[in-house]
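Contents: one structure, followed by commentary.
The values are calculated or read from the model by the stated rules, or taken from the named source; none is laboratory data. All values reported here derive from a predicted model rather than from experimental measurement. Here Cβ is always computed from backbone atoms with ideal geometry, including for glycine, and neighbour counts include all displayed protein chains.
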Amino acid sequence: MALEIEGVTAGYVKEVPILRDVDLTAGDGLVTVIIGPNGAGKSTLLKVICGYLQAAQGVIRHDGVSLSGLQPKDMLRHGIAYLIQGHSVFPRMSVQDNLELGAWLLGRDRRAIRQAFDDLYTRYPLLRQKRRMLAGDLSGGEQRMLELARLTMTQPKTLLLDEPSVGLMPKLVDSVYQEIARLKEHGYTILIVDQNVRKAMHIADYVYVLKLGENSHHGPRDDIEPRLNAIIREWI
Amino acid sequence: MELSILLDPFILAEVSLQGLIRGSMYGLMACGLSLIFGLMGVKNFSHGEFFMLGAYAMFFVAVIMDMPFILGIGAAAAVLFVFGVLVERTLIRTLRRRAGREWLLDAFVLTIGLMVVLQNLALLTFGSTRRGVPTLIPGGVEIGPIWLTNDRLLILVAAILIVSMLGVFIRYTRMGKAMLATGQHPEAAQTLGIDINRVYTYTFGLGAALAGIAGALLISIFPAYPTVGFHPVIKSIAAVILGGLGNVPGAIAAGVLLGLIEAYTTFFLASGWQHVITAVLVVLVLIVRPYGLFSSAKGERP
Amino acid sequence: MRQESGGTRRPSFLRALTVWRAAKIAVLVALLILVPYVSDSAFITTVFISAVMFGLFAAIYDLMIGYAGLINFGYAGFIAAGAYTSALAWLHFGVSPWLGLLLAGFVCAAIGFFTGLVSLRLRGLYLALMTFFIGEAIRFTISNTPDYTRGMLGLNVAPFPSIFGIDFSRGNYLNYYYLLLVIGAVIMTFMTALVNSKYGLAFQALREDPLATESLGISTTRYKLLNFTIASFLTGIVAGFYAHYLGILSPTPQEFGVPRTVEILTITYVGGRGTLWGSLFSGFLLIGFQEYFRALGAWRLVLFGCLLIFVMLYARRGLAGLKKYVW
């Protein structure tokens, strides 16, 4: 199992845990989606995984390795790429430079970097075309594509995506999900936190429902999807 | 004042050149200040003391050890880089960890404390004597009717050279790009595996080194003494505001502008008024264009 | 730990505690009034005057930074404005220094109001820089107009004239001291009442989160202006006293520039931000220390700076953080 979370309790203040005893497993090569009402602690869970917030209790393992005590900057080295919520391109740097920073962990290994660029530009011909443009001048959809592409420069194993479709024009939302589906085909393990329940459901293999910081339902997509309306009704 | 003097093109050219030379140094200092501000949000009030230490480093190497002045510039840069790194590692980082949301204001106050400490330690160690170097390179060149000493030429050339080198460093090296990225989106930089704490340390060291270089180069105009940094730091803070906080090229341009204003007010009014004019200009800019003369909105284009 | 001396937790001791507290306050006040009188030493009295004066400046500074989060980094320039107003009004227009105190207050209030007005949109660092340049502009204007202010040559200021038969000629330190205590008592009472009123709450809301404050329907603009204007008014009055007590003013950085602002700011921070009275205690501590160690020369300021850095890093509540051990 790529990512295993067992009994995680965490919060910003000790007395007020935002997450209580949360269990979650993201299977290798699968798309796992976390849904839930506002304030369910979905994004907080990703922050705990990535070391922004230390868990008070519980274990988080990636590929069998415990992540406890690691800082955000260590995650990519451990094969975890994290797409933070909102825009995250470096707007006043070129597309090429943005991608180069995505290859930061490759260090000064020129050959590996060139290889990574070749791979990436084959997968994203559009980014090759626009590589000299400032990232901030790309359209919203292109920026999101760049953000996703940038995370894959070092071929991590797992992608954590926090609200990948938020803030995009409706017609671009579909393309983001297509992109995620494509990443899945490349063998990435993907964990998505999403408000856009129905869209996320389409690409999901497995679904977790969080409510008030606790596990509420989980199961394969085909189990959850028929019950979706009932589940959402519980939130209100 | 006679109108004819005001309009004499040679005098105007002479005054402009003076202003340009001082302005280039303010620009160089503002550059470091703006870099630190743009990346870390820290307004470093002890920047003038870094300038002062640079001047002393220059004096030590060029006069006491009687070595070529170019080594003095190198020594100033190296000493201040190390010093800046230490300050960031010990003081600024501790504060960032311990203080909450409002830590930037606290950081400002902290650097004020540092300023007081450094100034008075310098006074205790070196005394209040002005320690200058009369000339670095004797002689000068004649450009038309204007006589330009080699020292001033050196300052101008060095400023241009160093700013260009800085530009190349930031744009084309790995650390430079990491600095740009951290300045634009620290969280995203972190997710790519960049150690932003290390970037901050480097940035602070680099900014301090730039101030040190300015202090070393300017020693023939501003001899080293404990409070020598105060005048340049005010000018460069003003330049950073006028240029738009965090906008490095804007800060350099504003530094040059302030140098010119200083030269003209000193020539046409009493020299004390330059501070009033600088202050009024800054106040006006903060009222009318809080993001600086050269930025259209916060965060737009460096 | 925002506990008030543990009294709220043990209601049965509450009464005893308040009596105990009142006793302690009475002792402090008695010390404040009697020590200079009993010691009969001009040196002690001048140290007490400096301590109370700077303690007051620092407490007023605290009203801005500690309560409303407004940093005035040109504060010494404001003091200069107040001091010179009273001095020049007497010199050029023969205005009595007693009236001069009020006049200084009003001029400073006007400058404070103006500063607040031009920096409405600014916060934090921007505000610090704006006020810094305003303060410097005031100081340089004074030094650049020697025809009126004698600039760097220094301006001689008359002592207060006698009033109610009390003699205020130069050297009569004890009378100056008691005058200052009266002024100080009024100012401290007023500020304590202010911060405990609804205005105090609004100031604190302003400090914590200006945006949220605005959304609660509290006008940040209004309270920012109010805070700046009141603080400047009080500053002007103490500054007027400063001028006539000291007898000579000059617009040097040490007296009215950054070093002075830093001194006051250090007193405030060491006293503990948001405590008002802490500033008075640290005024005594730091000024007493400073006067006692005059022989140390520059080391004094090195220690001052180190103290400020230490407080910023490790004792963020200042002396107020020690209160529970000694008070």
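When B:G176 is tested against (1) within 22 Å of B:H231 (Cα to Cα); (2) assigned to a helix (DSSP H, G or I), only condition (1) is not met. Within the option set A:L134, A:L106, being within 12 Å of another protein chain (Cβ to nearest Cβ), touching a residue at least 12 places away in the same chain (Cβ under 8 Å) and closer than 19 Å to B:M175 by Cβ holds for one residue only, A:L106.
Could you pull out the residue among A:L101, A:L53, A:L46 that is within 14 Å of another protein chain (Cβ to nearest Cβ), within 23 Å of A:Q195 (Cβ to Cβ), modelled with pLDDT of 85 or more and part of a helix (DSSP H, G or I)? Give the steps one after another, and end with the answer.
Details: A:L101 fails: within 23 Å of A:Q195 (Cβ to Cβ); A:L53 fails: part of a helix (DSSP H, G or I).
Of the residues listed, the single one that is within 14 Å of another protein chain (Cβ to nearest Cβ), within 23 Å of A:Q195 (Cβ to Cβ), modelled with pLDDT of 85 or more and part of a helix (DSSP H, G or I) is A:L46.
Anything in segment B:88-98 that is more than 7 Å from every other protein chain (Cβ to nearest Cβ) and either assigned to a loop (DSSP other than H, G, I, E, B) or touching a residue at least 12 places away in the same chain (Cβ under 8 Å) (or both)? List them, or say none.
Within segment B:88-98, the subset more than 7 Å from every other protein chain (Cβ to nearest Cβ) is B:88-90, B:92-93, B:96-97.
Within segment B:88-98, B:E88, B:R89, B:I92, B:R93 meet the criteria.
Scanning segment B:131-146 for residues that are over 21 Å from B:V61 (Cα atoms) and not small (G, A, S) yields B:V141, B:E142, B:I143, B:P145, B:I146.
Could you check, for segment B:150-166, whether at least one of its residues is over 21 Å from the mean Cα position of the chain (by Cα), away from chain C (no Cβ under 14 Å) and in a helix (DSSP H, G or I)? Yes, some residue in segment B:150-166 is over 21 Å from the mean Cα position of the chain (by Cα), away from chain C (no Cβ under 14 Å) and in a helix (DSSP H, G or I). Any chance segment A:173-194 includes a residue that's of a type outside the set (D, E), farther than 23 Å from A:G140 by Cα and part of a helix (DSSP H, G or I)? Checked segment A:173-194: no residue is of a type outside the set (D, E), farther than 23 Å from A:G140 by Cα and part of a helix (DSSP H, G or I). Has segment B:224-245 got at least one residue that is within 27 Å of B:L114 (Cβ to Cβ), within 14 Å of chain A (Cβ to nearest Cβ) and at pLDDT below 90? Yes, segment B:224-245 contains at least one residue that is within 27 Å of B:L114 (Cβ to Cβ), within 14 Å of chain A (Cβ to nearest Cβ) and at pLDDT below 90.
Criterion first (of a type outside the set (S, T, Y), within 21 Å of the chain's Cα centre (by Cα) and surrounded by fewer than 17 Cβ atoms within 10 Å (Cβ to Cβ)) does A:Q129 satisfy it?
Here the answer is no, as A:Q129 does not meet what is asked.
A:K73 fulfils the conditions (1) within 8 Å of chain B (Cβ to nearest Cβ); (2) closer than 15 Å to A:Q155 by Cβ except for a single criterion, (2). When residues in segment B:107-145 are screened for being exposed (fewer than 15 other Cβ atoms within 10 Å of the Cβ) and in a strand (DSSP E or B), 3 of them pass.
Residue by residue, here is whether (1) acidic (D, E); (2) without any contact (Cβ under 8 Å) to a residue 40 or more places away in the chain; (3) buried (at least 23 other Cβ atoms within 10 Å of the Cβ); (4) touching a helix residue (DSSP H, G or I) at 6+ places or on another chain (Cβ under 6 Å) holds:
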| position | (1), (2), (3), (4) |
| --- | --- |
| C:R260 | no, no, no, yes |
| C:T268 | no, no, yes, yes |
| C:G274 | no, no, no, yes |
| C:G278 | no, no, yes, yes |
| C:F284 | no, no, no, yes |
| C:L296 | no, yes, no, no |
| C:V302 | no, yes, no, yes |
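From the list C:F133, C:F160, C:F140, C:F164, the one residue that fits, being more than 14 Å from every other protein chain (Cβ to nearest Cβ) and surrounded by 14 or more Cβ atoms within 10 Å (Cβ to Cβ), is C:F160. The C-beta contact set for segment B:169-198 (first residue in contact (Cβ under 8 Å) with a residue 60 or more places away in the chain and of a type in the set (G, A, S), second residue buried (at least 19 other Cβ atoms within 10 Å of the Cβ) and part of a helix (DSSP H, G or I), distance under 8 angstrom, 6+ apart or interchain) comprises B:G183/B:G38; B:G183/B:L39.
Per-residue answers, yes or no, for (1) within 14 Å of chain A (Cβ to nearest Cβ); (2) modelled with pLDDT under 90:
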residue: B:M175; (1), (2): yes, no
residue: B:G183; (1), (2): yes, yes
residue: B:A188; (1), (2): yes, no
residue: B:I194; (1), (2): yes, no
residue: B:L217; (1), (2): no, yes
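Here is the figure for segment C:255-271: residues that are more than 8 Å from chain B (Cβ to nearest Cβ) and in a helix (DSSP H, G or I) total 10.
Just wondering, is there one or more residues in segment A:33-42 that are at pLDDT below 90, on the phi > 0 side of the Ramachandran plot, more than 14 Å from chain B (Cβ to nearest Cβ) and buried (at least 16 other Cβ atoms within 10 Å of the Cβ)? Checked segment A:33-42: at least one residue is at pLDDT below 90, on the phi > 0 side of the Ramachandran plot, more than 14 Å from chain B (Cβ to nearest Cβ) and buried (at least 16 other Cβ atoms within 10 Å of the Cβ).
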